[in-house]
1. From the list 98, 134, exactly one residue is touching a helix residue (DSSP H, G or I) at 6+ places or on another chain (Cβ under 7 Å) and either within 23 Å of residue 158 (Cα to Cα) or assigned to a loop (DSSP other than H, G, I, E, B) (or both). Which is it?
2. What number of residues in the range 79-95 are under 16 Å from residue 62 (Cα atoms) and not in a strand (DSSP E or B)?
3. Quick check on the range 20-34: of everything there that is within 15 Å of the chain's Cα centre (by Cα) and in a loop (DSSP other than H, G, I, E, B), which residue is modelled with the lowest pLDDT?
4. Just give me the residues in the range 59-72 being surrounded by 14 or more Cβ atoms within 10 Å (Cβ to Cβ) and out of contact with any helix residue (DSSP H, G or I) (no Cβ under 9 Å at 6 or more places or on another chain), in sequence order.
5. For the range 105-131, how many residues meet the condition of being in contact with a strand residue (DSSP E or B) (Cβ under 9 Å, 6 or more places away or on another chain), surrounded by fewer than 16 Cβ atoms within 10 Å (Cβ to Cβ) and modelled with pLDDT under 90?
6. Report yes if residue 88 is over 15 Å from residue 33 (Cβ atoms), surrounded by fewer than 19 Cβ atoms within 10 Å (Cβ to Cβ) and without any contact (Cβ under 8 Å) to a residue 60 or more places away in the chain, otherwise no.
7. Name every residue in the range 45-57 that is at negative phi and loosely packed, with under 15 Cβ neighbours inside 10 Å, in order of residue number.
8. Kindly provide the set of residues from the range 47-76 that are in contact (Cβ under 8 Å) with a residue 24 or more places away in the chain and farther than 17 Å from residue 33 by Cβ, ordered by number.
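The values are calculated or read from the model by the stated rules, or taken from the named source; none is laboratory data. Source: prediction; values computed, not measured. Every residue, glycine as well, gets a Cβ built from its backbone with ideal geometry; the counts of neighbours run over all protein chains shown.
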(Lines give C-alpha, C1' and ligand atoms only; values in the text may rest on other atoms or scores of the structure.)
Protein backbone atom coordinates (compact mmCIF):
# COMPACT_ATOMS: atom_id res chain seq x y z
CA UNK A 1 0.00 0.00 0.00
CA UNK A 2 2.84 2.38 0.83
CA UNK A 3 4.39 1.65 -2.59
CA UNK A 4 1.16 2.66 -4.35
CA UNK A 5 0.94 5.88 -2.32
CA UNK A 6 4.61 6.65 -3.00
CA UNK A 7 4.24 6.02 -6.73
CA UNK A 8 1.18 8.30 -6.77
CA UNK A 9 3.24 11.02 -5.09
CA UNK A 10 5.97 10.78 -7.74
CA UNK A 11 3.40 10.73 -10.55
CA UNK A 12 1.81 13.87 -9.11
CA UNK A 13 5.21 15.57 -8.78
CA UNK A 14 6.10 14.76 -12.40
CA UNK A 15 2.78 16.14 -13.65
CA UNK A 16 3.16 19.24 -11.49
CA UNK A 17 6.58 19.92 -12.99
CA UNK A 18 5.16 19.66 -16.51
CA UNK A 19 2.85 22.55 -15.67
CA UNK A 20 5.76 24.97 -15.20
CA UNK A 21 6.31 27.04 -18.35
CA UNK A 22 9.69 27.38 -20.02
CA UNK A 23 10.99 30.92 -20.32
CA UNK A 24 12.80 32.10 -23.45
CA UNK A 25 16.61 32.09 -23.35
CA UNK A 26 17.16 35.78 -22.65
CA UNK A 27 15.41 39.13 -22.99
CA UNK A 28 16.96 42.50 -23.79
CA UNK A 29 14.85 44.75 -21.58
CA UNK A 30 15.74 47.81 -23.67
CA UNK A 31 14.21 46.13 -26.73
CA UNK A 32 11.29 44.78 -24.68
CA UNK A 33 10.48 48.23 -23.30
CA UNK A 34 7.74 50.20 -25.00
CA UNK A 35 4.07 49.77 -25.84
CA UNK A 36 2.48 46.34 -26.31
CA UNK A 37 -1.11 45.52 -27.33
CA UNK A 38 -2.96 42.63 -25.69
CA UNK A 39 -4.05 40.47 -28.63
CA UNK A 40 -5.48 37.59 -26.57
CA UNK A 41 -5.36 36.44 -22.97
CA UNK A 42 -6.89 34.09 -20.46
CA UNK A 43 -9.90 35.87 -18.97
CA UNK A 44 -8.98 37.56 -15.70
CA UNK A 45 -11.21 39.29 -13.22
CA UNK A 46 -9.11 42.45 -13.35
CA UNK A 47 -9.50 42.65 -17.15
CA UNK A 48 -13.25 42.04 -17.25
CA UNK A 49 -14.97 44.32 -19.76
CA UNK A 50 -11.65 45.59 -21.15
CA UNK A 51 -11.21 46.72 -24.73
CA UNK A 52 -8.04 48.12 -26.28
CA UNK A 53 -5.80 46.72 -23.54
CA UNK A 54 -2.18 47.82 -23.59
CA UNK A 55 0.91 47.35 -21.45
CA UNK A 56 3.75 49.83 -21.50
CA UNK A 57 7.15 49.03 -20.04
CA UNK A 58 9.72 51.71 -19.23
CA UNK A 59 13.23 51.05 -17.92
CA UNK A 60 13.85 53.17 -14.85
CA UNK A 61 17.15 54.44 -13.45
CA UNK A 62 16.54 52.49 -10.22
CA UNK A 63 17.03 49.20 -12.07
CA UNK A 64 13.39 48.23 -12.36
CA UNK A 65 10.78 48.37 -15.11
CA UNK A 66 7.77 50.65 -14.74
CA UNK A 67 4.63 48.82 -15.89
CA UNK A 68 1.51 50.71 -16.97
CA UNK A 69 -1.49 48.59 -17.94
CA UNK A 70 -4.50 50.35 -19.48
CA UNK A 71 -7.77 49.48 -21.11
CA UNK A 72 -11.11 51.00 -22.01
CA UNK A 73 -13.84 49.60 -19.77
CA UNK A 74 -17.07 48.49 -21.38
CA UNK A 75 -16.31 49.32 -25.00
CA UNK A 76 -14.09 51.07 -27.54
CA UNK A 77 -15.12 54.51 -26.26
CA UNK A 78 -15.42 53.57 -22.59
CA UNK A 79 -13.48 55.28 -19.83
CA UNK A 80 -9.77 54.50 -19.57
CA UNK A 81 -8.87 52.35 -16.60
CA UNK A 82 -5.31 51.58 -15.61
CA UNK A 83 -2.81 50.51 -13.03
CA UNK A 84 0.90 51.21 -12.57
CA UNK A 85 3.39 48.79 -11.10
CA UNK A 86 7.04 47.85 -10.92
CA UNK A 87 8.76 44.80 -12.39
CA UNK A 88 12.08 43.42 -11.16
CA UNK A 89 14.18 40.92 -13.12
CA UNK A 90 14.74 37.65 -11.29
CA UNK A 91 18.46 37.18 -10.69
CA UNK A 92 19.97 34.53 -12.98
CA UNK A 93 17.00 34.46 -15.39
CA UNK A 94 18.57 36.58 -18.16
CA UNK A 95 15.57 38.92 -17.75
CA UNK A 96 13.11 36.21 -18.85
CA UNK A 97 11.44 36.04 -15.45
CA UNK A 98 10.16 39.11 -13.70
CA UNK A 99 8.46 39.75 -10.40
CA UNK A 100 5.75 42.36 -10.86
CA UNK A 101 4.30 44.38 -8.02
CA UNK A 102 1.09 46.39 -8.38
CA UNK A 103 0.22 46.40 -4.67
CA UNK A 104 2.94 46.51 -2.04
CA UNK A 105 4.19 44.10 -0.76
CA UNK A 106 2.78 41.51 -3.15
CA UNK A 107 4.76 40.40 -6.21
CA UNK A 108 3.67 37.96 -8.90
CA UNK A 109 5.71 35.93 -11.37
CA UNK A 110 5.69 37.16 -14.97
CA UNK A 111 7.58 34.88 -17.37
CA UNK A 112 8.30 35.71 -20.99
CA UNK A 113 7.78 32.28 -22.57
CA UNK A 114 7.86 33.21 -26.27
CA UNK A 115 9.45 36.18 -27.95
CA UNK A 116 9.83 37.17 -31.58
CA UNK A 117 13.49 37.68 -32.54
CA UNK A 118 12.65 41.26 -33.55
CA UNK A 119 10.50 41.87 -30.44
CA UNK A 120 7.33 42.27 -32.54
CA UNK A 121 5.29 39.88 -30.40
CA UNK A 122 5.63 38.09 -27.08
CA UNK A 123 3.82 35.55 -24.94
CA UNK A 124 3.78 35.99 -21.18
CA UNK A 125 2.66 33.45 -18.60
CA UNK A 126 2.75 32.92 -14.89
CA UNK A 127 4.72 30.07 -13.30
CA UNK A 128 1.56 27.96 -12.84
CA UNK A 129 0.19 28.78 -16.33
CA UNK A 130 -2.86 30.36 -14.67
CA UNK A 131 -2.53 33.50 -16.75
CA UNK A 132 -1.45 33.95 -20.35
CA UNK A 133 -1.12 37.02 -22.57
CA UNK A 134 -0.26 37.23 -26.25
CA UNK A 135 1.19 40.68 -26.86
CA UNK A 136 2.07 42.50 -30.06
CA UNK A 137 3.67 45.80 -30.98
CA UNK A 138 0.70 46.47 -33.25
CA UNK A 139 -3.00 46.20 -32.34
CA UNK A 140 -3.57 43.56 -35.04
CA UNK A 141 -1.65 40.33 -35.47
CA UNK A 142 -1.63 38.49 -38.79
CA UNK A 143 -4.01 35.51 -38.56
CA UNK A 144 -1.48 32.94 -39.78
CA UNK A 145 1.03 34.14 -37.15
CA UNK A 146 -1.66 34.05 -34.46
CA UNK A 147 -2.52 30.44 -35.40
CA UNK A 148 1.15 29.45 -35.45
CA UNK A 149 1.73 30.89 -31.96
CA UNK A 150 -1.39 29.13 -30.65
CA UNK A 151 -0.26 25.79 -32.11
CA UNK A 152 3.12 26.20 -30.46
CA UNK A 153 1.48 27.03 -27.12
CA UNK A 154 -0.86 24.05 -27.40
CA UNK A 155 2.13 21.76 -28.01
CA UNK A 156 3.65 23.09 -24.78
CA UNK A 157 0.59 22.21 -22.72
CA UNK A 158 -1.25 25.53 -22.67
CA UNK A 159 -5.04 25.42 -22.83
CA UNK A 160 -5.43 27.59 -25.92
CA UNK A 161 -9.21 27.12 -25.86
CA UNK A 162 -9.22 29.45 -22.82
CA UNK A 163 -7.67 32.30 -24.80
CA UNK A 164 -10.05 35.16 -25.58
CA UNK A 165 -9.20 37.81 -28.11
CA UNK A 166 -9.00 41.34 -26.82
CA UNK A 167 -11.07 43.81 -28.83
CA UNK A 168 -8.56 46.13 -30.56
CA UNK A 169 -7.77 48.79 -31.78
CA UNK A 170 -8.80 52.07 -30.24
CA UNK A 171 -7.79 55.60 -31.03
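1. Going through 98, 134 in turn, just one is touching a helix residue (DSSP H, G or I) at 6+ places or on another chain (Cβ under 7 Å) and either within 23 Å of residue 158 (Cα to Cα) or assigned to a loop (DSSP other than H, G, I, E, B) (or both): 134.
2. Matching residues across the range 79-95 total 3.
3. 20
4. Correct list: 64, 66, 67, 68, 70, 72.
5. So the answer is 2.
6. Considered against the rule, which asks whether it is over 15 Å from residue 33 (Cβ atoms), surrounded by fewer than 19 Cβ atoms within 10 Å (Cβ to Cβ) and without any contact (Cβ under 8 Å) to a residue 60 or more places away in the chain, residue 88 comes out as no.
7. Passing the criteria: 45, 46, 48.
8. 47, 49, 50, 51, 52, 53, 71, 72, 73, 74, 75, 76 - these are the residues of the range 47-76 that are in contact (Cβ under 8 Å) with a residue 24 or more places away in the chain and farther than 17 Å from residue 33 by Cβ.
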